[in-house]
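**Student:** Would you mind keeping the following structure in view while I ask a few things?
Please treat every number below as a calculation from the coordinates, not as lab data. Here the structure is a predicted model, which means the values were calculated and not measured. No Cβ is skipped: glycine too gets one built from the backbone with ideal geometry, and neighbour counts run over all protein chains shown.
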Amino acid sequence: MTELSVESDFEGKPLLFPLVVPTLDPDEIAWLLENEDVEPSKIPNNIMDKAYRHAIFRVKQGLSPFKD
């Protein structure tokens, strides 16, 4: 897997962010690996929440939601 990302709104603007973030546990990463082509609406809330929170944390620091 090279990258999985989704889009959501943040402060009224679209925000593209990665799903693979450091706060995911091994089971969540395994789920993403097994379901790479799943529709965003079917991604478990715990994964989406962690990815969104991580993205917002980075954006508020003036950084891209993506590592590079």
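**Student:** From the backbone phi of segment 25-34, what are the Karplus-calculated ³J(HN,Hα) couplings (6.51 cos²θ - 1.76 cosθ + 1.60, θ = phi - 60°) in whole Hz, Gly and Pro given as x?
**Tutor:** In residue order, the calculated couplings are 8, x, 5, 5, 5, 4, 4, 4, 4, 7 Hz.
**Student:** Then there is this: Which residue, chosen from ASN46, GLN61, VAL6, occupies the Cα position most advanced towards the positive end of the dipole of the chain, where the dipole is computed from +1 (Lys, Arg) and -1 (Asp, Glu) charges on Cβ about the Cα centre?
**Tutor:** After comparing all options, I get GLN61.
**Student:** Out of the GluC sites (Glu not before Pro) in segment 16-68, which ones are loop residues according to DSSP with at most 15 other C-beta atoms within 10 Å?
**Tutor:** For GluC sites (Glu not before Pro) across segment 16-68 that sit outside H, G, I, E and B with at most 15 neighbouring Cβ atoms in 10 Å, the list reads GLU36.
**Student:** Follow-up. List every residue whose amide H lies under 5 Å from the amide H of LEU15, counting only residues 5 or more places away in sequence or on a different chain, with H placed 1.01 Å from N in the peptide plane.
**Tutor:** Residues meeting the amide H criterion: SER8, ASP9, PHE10.
**Student:** Taking the 0 to 90 degree range and rounding to the nearest ten, how far is the long axis of helix 45-60 tilted relative to the main principal axis of the chain, both from C-alpha atoms?
**Tutor:** 30 degrees
**Student:** Using 7 Å Cα-to-Cβ label points, what is the ARG53/LYS67 separation (nm, one decimal)?
**Tutor:** 2.0 nm
**Student:** Which whole-number percent is the relative contact order of the chain (Cα, under 8 Å, 6+ apart)?
**Tutor:** 32 percent
**Student:** If you don't mind, another one. Along its principal axes, what span do the Cα atoms of the chain show, with the longest given first and each in whole Å?
**Tutor:** Sorted from largest, the Cα extents of the chain read 32, 21, 20 Å.
**Student:** Starting from the amide H of SER5, placed 1.01 Å from N in the peptide plane, find each other amide H under 5 Å away whose residue is 5 or more places distant or on another chain.
**Tutor:** Hits under the 5 Å cutoff: LEU19.
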